[in-house]
Amino acid sequence: MFALRSGQSGKAGAAKPAVFGLSLSVGHFVLPRVLRRPVRFVGRLFDGEYQPPRHAGVAATAVFLASSVLYGAWLGGQIPAAAQAVTARLGFAVDQVRVSGNKETSEIDILERLDLDGWTSLVGFDAEAARERIGALPWVKVASVRKIYPDALEVRVEEREPFAIWQHGSEVAIVERNGNVIAPFDGSRHAMLPLVIGYGASQGAEFIDKIRRHPELASRVKGFIRVAERRWDLRLENGMTVRLPEEGEDAAIAEVLRLDREDGLLSRDIASVDLRLDDRLVIQLTPQALERRTALIADQDKAAKKKPGKSI
């Protein structure tokens with residue numbers, strides 16, 4: 001062996017250390033210490049001075065083949081699947097799912113979004129992706145998915161709050177208070193929600209609250225109709241329509257309530273009450289009421305004609 005140090009001098013004519021016939025030092029240049037051992041090993045290997053262990057070739061071939069297989073599996077996306085299979089059989093397969101907070105969303109829909117196959121391992125399960133899939137369900141506002149080792153999942157959901165049934169054109173849907181559509185209306189137990197009709201009617205929470213402050217009127221209202229996205233009509237349960245003005249609807253509502261208290265306006269056989277004009281109230285009778293009124297007037301005219309005149 002030899003030492004490599006700058007400024008080392010030997011006997012005259014002494015051979016300088018070399019690898020592959022190339023000197024390791026030139027003048028005052030010395031090969032860095034960290035490279036000396038690898039360079040010497042390579043030199044001995046090529047000079048035939050190093051004898052590899054027995055079966056080294058077989059081991060190197062096996063390592064190469066195994067590396068090729070792992071690399072191919074990684075490129076093909078098979079590594080996660082293999083890890084799932086192994087850890088599932090080691091006792092980490094999802095065996096329990098606990099769901100809470102759901103009223104409108106069925107557990108079957110939630111389980112489908114978890115995408116479990118019976119051998120899904122909790123170790124490789126992507127809880128964030130599952131949370132996003134569950135959060136896409138119509139009624140779900142917020143969802144959380146938590147892994148509980150070794151074999152359980154906990155799913156919690158917060159659902160949207162239904163506020164009204166919105167009819168626009170041929171479409172009928174359940175909406176939130178802010179007007180966002182939750183899901184199509186299917187005639188279920190949400191039938192008792194207030195019905196809002198027309199484009200822009202889904203944003204009518206403030207107006208509905210205003211009517212609810214008058215229980216004697218709110219209890220009669222069957223539907224809230226938005227007209228041209230400017231004003232409201234009230235459709236009562238007896239078929240009467242109360243047409244409110246675009247401005248001053250509070251005063252119009254107060255007038256309707258006054259007339260109902262004094263004359264029973266909302267209980268009469270009337271088709272519509274129009275309060276859009278400031279100086280008058282326009283009442284339209286139903287066809288039946290109009291027919292009765294016409295007949296009554298005719299009878300009164302006949303009676304007047306039969307009455308004898310006064311003598312002079």
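Every number here is computed from the coordinates shown, using simple stated rules; none is lab data. Keep in mind that this is a model prediction, so the values were computed, not measured. Glycine gets a Cβ as well: all are built from the backbone with ideal geometry, and neighbour counts include every protein chain shown.
Sequence-ordered 3J(HN,Hα) estimates for segment 197-203 from the Karplus curve with 6.51, -1.76 and 1.60 and θ = phi - 60° stand at 10, x, 5, x, 6, 5, 9 Hz, glycine and proline given as x. Computed extension gain for ASP126 through GLN288, at 0.36 nm per residue and net of the alpha carbon distance, reaches 51.6 nm.
Where both bridge residues fall in segment 164-291, DSSP classifies roughly 70% of the beta bridges as antiparallel. Taking a ≥ b ≥ c as the square roots of the eigenvalues of the alpha-carbon gyration tensor, segment 88-159 is classed prolate because a/c is 1.5 or more and a/b outweighs b/c.
Using 0.36 nm per residue and subtracting the Cα-Cα separation, the extra length available between ARG268 and ASN238 on full extension is 9.9 nm. Among the trypsin sites (Lys or Arg not before Pro) within segment 207-258, those in coil by DSSP and having at most 12 neighbouring Cβ atoms inside 10 Å are ARG213, ARG230. Model label points for TYR199 and ALA251, set 7 angstrom from Cα along the Cα-to-Cβ axis, are 3.1 nm apart. The stretch between ARG189 and GLU161 holds 8.7 nm of extra length on full extension. This uses 0.36 nm per residue minus the Cα-Cα distance. Model label sites at ILE108 and ALA136, defined 7 Å from Cα along the beta-carbon direction, differ in position by 2.0 nm.
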